[in-house]
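What follows is a single structure, written as C-alpha cells, with notes after it.
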Amino acid sequence: MTGPTDDPNDEDRFLLDVMLGKLATYLRMCGYDAAYALDRGIEGDDAIRTLAAAEDRILLTRDEALAAAADDAILLTEREIEAQLRELRAAGVHLSLPDRPRRCSACNGEVEPADTDDPPEHVPDDVEPYRCRDCGQWFWRGSHWDDVAETLAAL
C-alpha cells in the first residue's frame, strides 16, 4: 500500500467496492477523491481491480480475495461505518474535515465557493454556500457537517 498522507489534497485516491458506499461519503467529506464502484457501474472483481490500477487508486474493500489480488488495497473487516473509519485510521489514513467542503458527497466532483447572489431556497441565508462543479449540488457547513465532525472526533 502507498502511504497515506496527512493532507488529502496531496492525495491518496481511493476506489471503494460495492460494499462501501457510506464510507465513500465520509471520505469525500474529508476531502479525498473517493470513487465508488457502483457510481461507475462496476461490480465485478476484475473490473474493480483494473479500474483501481488504471486510475492509480488505493482499493478499499471488505472482500479478502479482491484485496489479495489487488496491487494496492486496504482490507476492511468491519460492517459498521464507525468501525470502518477506525480501521482506516489504523491503516494510516488521515480522517478529519477540511476547513470547507472540497468534494461532492454525491458524485465525488470538486466543490467550490458558490455565488451567494442566487442560491436556491433550501440554502440557509446565514451560511457560506459551496457548489459541485460536476453535478451542481449545493453544500454548506451545517448540522450534517457537525455530526460527521463529532463522529470523526470520537474515533
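Details
- Between 129, 155, 98, the Cα set farthest toward the positive side of the dipole of the chain (charges on each charged residue's Cβ, about the Cα centre) is that of 155.
- Test item: Cα-centred dipole of segment 13-90, Lys/Arg +1 and Asp/Glu -1 on Cβ, debye: 300 debye
- The local environment of residue 155, defined by Cβ-Cβ distances under 13 Å, has a net charge of -3 under the rule Lys, Arg +1 and Asp, Glu -1.
- Debye intensity ratio I(q)/I(0), log10, the chain, q values 0.20 Å⁻¹ (C-alpha model): -1.26
- With Cα atoms, 0 to 90° folded angle of helix 81-90 axis to the chain main axis: 70 degrees
- When restricted to Cα atoms, segment 70-130 yields an Rg and a Dmax of 16.7, 47 Å, respectively.
- Counted over all Cα-Cα pairs of segment 13-90, pairs farther apart than 18 Å make up 30 percent.
- Once both labels are positioned 7 Å from their Cα atoms along Cα-to-Cβ, the gap between residue 39 and residue 22 label points is 1.8 nm.
The numbers here are math on the coordinates, done by the rules we state, and not lab data. These figures come from a predicted structure and were not determined experimentally. Note that each Cβ is placed from the backbone with ideal geometry, even for glycine, and that neighbours are counted across all protein chains shown.
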